[in-house]
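What follows is calculated from the coordinates using simple rules that are stated; it is not laboratory data. Small disclaimer: the values here were computed from a predicted structure and weren't measured. Heads up, the Cβs are rebuilt from the backbone with ideal geometry, glycines too, and the neighbour counts pull from every protein chain shown.
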Amino acid sequence: MKGAVRDFRLHDASGSQLFSLIVNRDSLLFYFRPPAVRSGRFSLRDLERSFEEVRENNSGEWTVRITNLESARRLWAYIVAMSEFLSGDGDTTQIGYVNSNNQRCQGHRGYPGNDHLQKAYRMECLNEDCGNTYGANGSDVFQRKCPRCQGGAPGIEF
Ligand SMILES: [Zn+2]
C-alpha cells in the first residue's frame, strides 16, 4: 500500500460517500462503501459473477479488484446500469425492500410488467447458493417467490 496511492470518492445527492478507489501499482481496488452496500441497489452476487476478486471486509464494505481497462469499464457500466433503477410508490416496491421469502426489490426502469398498469421490477433472490435475478410485477413484489429455488412463477422481462 506504500507509494503512489491516490484516493478518490463519489458521493450521492445527500453527501454520503458511496464509492472510493485506491490506486495500487498493478491494480485498482474499488470500494462499495457502506451507504452503497446498504442502499440495496447493488448486489454482491452480481459482482461475484462478473469479477474475479470480490470481497466483503470487516467494515461491511465490498471491494472489487480491477486489473485492466476492460474490467474497469465493466464495473462502471454495472454501476451506471443499476443507478437507472427507480423505487416504486409503495413501501414494498422501494429499492432494498426484502419480502418474507428473502427476495429483494431492486427497482424498475419504467418497463411495463405483464399485469394491468404494473411496472416490471428487478428482483434478487438472497437465499444462499441461489442469487437468481428475475423480473416481477410491482404488485407481486411483496409475496414473490424465486423461480429457481422456491418454485415461484417464471420471471418477466424487466
Ligand atoms: Zn432463489
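Listed values, structure above:
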quantity: Only Lys, Arg (+1) and Asp, Glu (-1) charged, at Cβ; the stretch 91-143 dipole about Cα centre in debye; calculated: 240
quantity: Neighbour net charge for Tyr78 - beta-carbon separation under 14 angstrom, K R +1, D E -1; calculated: +1
quantity: Per-q log10 I(q)/I(0), the stretch 91-143, q = 0.16, 0.26 Å⁻¹ (Debye; single scatterer per alpha-carbon; no solvent); calculated: -0.39, -0.95
quantity: Between 0 and 90°, nearest 10: helix 69-83 axis offset from the chain longest Cα axis; calculated: 40
quantity: Relative frequency of Cα-Cα separations exceeding 21 Å in the chain, percent; calculated: 49
quantity: Choice from Ala136, Ala13, Ala81 showing the highest fluctuation, given a GNM over the chain with Cα pairs closer than 10 Å; calculated: Ala13
quantity: Exposure rule at most 11 other beta-carbon atoms within 10 Å, DSSP loop GluC sites (Glu not before Pro): the chain longest free segment; calculated: 1-51
quantity: Gain upon complete extension [Leu21, His116; 0.36 nm per residue less C-alpha separation]; calculated: 29.8 nm
quantity: Cα gyration tensor shape for the stretch 7-83, rounded if a/c is under 1.5, else prolate or oblate; calculated: rounded
